[in-house]
Every structure is written in C-alpha cells, then in structure tokens.
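The values are calculated or read from the model by the stated rules, or taken from the named source; none is laboratory data. Note that this is a predicted model, so its numbers are computed, not measured. When we count neighbours, we look across all protein chains shown, and the Cβ atoms used for this are built from the backbone with ideal geometry, even at glycine.
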Amino acid sequence: MTLMRTGMIPLITESEIQTMVRELAKEIERDYEGRELVMVCPLKGSISFFSDLVRNIQLPQQIEFVQVTSPKGEGCRIIKDISSDIKGKHVLIVEEIIDAGRTLSFLKTRLLASEPASVKVVALLDKPARRELPIRPDYMGQTIDDRFVIGYGMDSDEIGRNYKDIYNFAQ
C-alpha cells in the first residue's frame, strides 16, 4: 500500500466521503419516502460506496449486483446480470464515479428494458470532462476535474480499492 501511495496526494478524506454518503442518503430518502428501492451495484468499483449508502438509507430496499465490461474499442457486455424482476419497481444504480459514461448508459438502457417504474443514478464522483455520452447522475456527491483517482473502491490494476480515502496522482 505504501508503494502505491508514492506520488499520490489525498483528494477526498474518509470523513468527507462519509459526509457525502450521509447527505446523498438523506436526499434519496426524501425523494423515495414510502417506497421500496432496488439498489443496483455495478461491480467491482462501487462496492465500498454501495455498502455505505445502503446502510445509510432507511427505506425498504432490495440489493442487486451486476458486472458489466466495456473494453476500449469494444461494446459493453454483461458478465453478471441482476437476478430479480424489476418490473414496476424503483431502481437506483449506485456508481462510485461516472467517467466516459459508456458502461453506465449501457446498464441504464438494459435496466429500462425490464420496465421498472423508474431508474435513477447516484454517483459519489462525477467527472464530466471525460464524458463521451450525455448521461448525468440524478444524485451526485462531488464533481472532480479530469484526474485519475484511486481508493474507496476505485483501483489501478486492482490496487487501491481498500483505501479509505480517495487519492489522485500529483501532476
């Protein structure tokens, strides 16, 4: 872990992350009061944010996991799909970061094909400078500049997912 942090600077602390999570949870609770949510976690990067968010949302909820791949130059494909019927249900996709938007756009279109009552997106971080498709989060923690970040689920070749803070490389 020490080697990975060399050349990196803290961007968002664990405390700041948890404040964002609590604020997002309150906003979602207000919007979905009295309704059940189907919370969808795109693996692997969203797992930390997803875990904290579902614990902070005090509404009835069902959790689902999906894994989508989108190699550069290739189309997206589902490796692991959700396992329940979402027809007529309120679905919330929980993303740690929205970058180019290809994978999220693909996933949202796939979920909409199952005729849910609604599909919305919550993102801890939004990086609009990298956007290739016109997709935006319905709930967002923070907008960041075009920088590579790791920590709190985000990785560099599977390293850094377990960091409690979010870091970026010094420029």
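Counting the residues of the range 86-137 that are at pLDDT 95 or above, acidic (Asp, Glu) and surrounded by fewer than 20 Cβ atoms within 10 Å (Cβ to Cβ) gives 1.
Is it the case that the range 98-109 has a residue that's part of a strand (DSSP E or B) and either touching a strand residue (DSSP E or B) at 6+ places or on another chain (Cβ under 6 Å) or of a type outside the set (A, V, I, L, M, F, W, C) (or both)? Walk me through how you get there before you give the answer.
Residues of the range 98-109 that are part of a strand (DSSP E or B), as a first pass: 98.
Among the residues that remain, those that are also either touching a strand residue (DSSP E or B) at 6+ places or on another chain (Cβ under 6 Å) or of a type outside the set (A, V, I, L, M, F, W, C) (or both) are: 98.
There is at least one residue in the range 98-109 that is part of a strand (DSSP E or B) and either touching a strand residue (DSSP E or B) at 6+ places or on another chain (Cβ under 6 Å) or of a type outside the set (A, V, I, L, M, F, W, C) (or both).
Return a yes/no flag: does the range 42-52 have any residue that is part of a helix (DSSP H, G or I), over 13 Å from the mean Cα position of the chain (by Cα) and at pLDDT 95 or above. Let's see the steps before the verdict.
Going through the range 42-52, the residues part of a helix (DSSP H, G or I) turn out to be 47-52.
Next, only the ones that are over 13 Å from the mean Cα position of the chain (by Cα) stay: none.
Within the range 42-52, not a single residue is part of a helix (DSSP H, G or I), over 13 Å from the mean Cα position of the chain (by Cα) and at pLDDT 95 or above.
Among the conditions (1) assigned to a strand (DSSP E or B); (2) free of Cβ contacts under 8 Å to residues at least 60 places away in the same chain, residue 86 misses just one, which is (1). When the residues of the range 150-170 are filtered to those that are in a strand (DSSP E or B) and surrounded by fewer than 21 Cβ atoms within 10 Å (Cβ to Cβ), the one that is farthest from the chain's Cα centre (by Cα) is 169. So for the range 34-55 (the condition being closer than 23 Å to residue 166 by Cα and exposed (fewer than 13 other Cβ atoms within 10 Å of the Cβ)), does at least one residue qualify? Yes; the residues of the range 34-55 include at least one that is closer than 23 Å to residue 166 by Cα and exposed (fewer than 13 other Cβ atoms within 10 Å of the Cβ).
Is it the case that the range 35-47 has a residue that's of a type in the set (A, V, I, L, M) and touching a Gly at 6+ places or on another chain (Cβ under 6 Å)? Full working, then the answer.
Let us first name the residues in the range 35-47 that are of a type in the set (A, V, I, L, M), namely 37-40, 43, 47.
Next cut, touching a Gly at 6+ places or on another chain (Cβ under 6 Å) only: 47.
There is at least one residue in the range 35-47 that is of a type in the set (A, V, I, L, M) and touching a Gly at 6+ places or on another chain (Cβ under 6 Å).
Checked against (1) under 22 Å from residue 37 (Cα atoms); (2) touching a residue at least 40 places away in the same chain (Cβ under 8 Å), residue 150 meets all criteria but (1).
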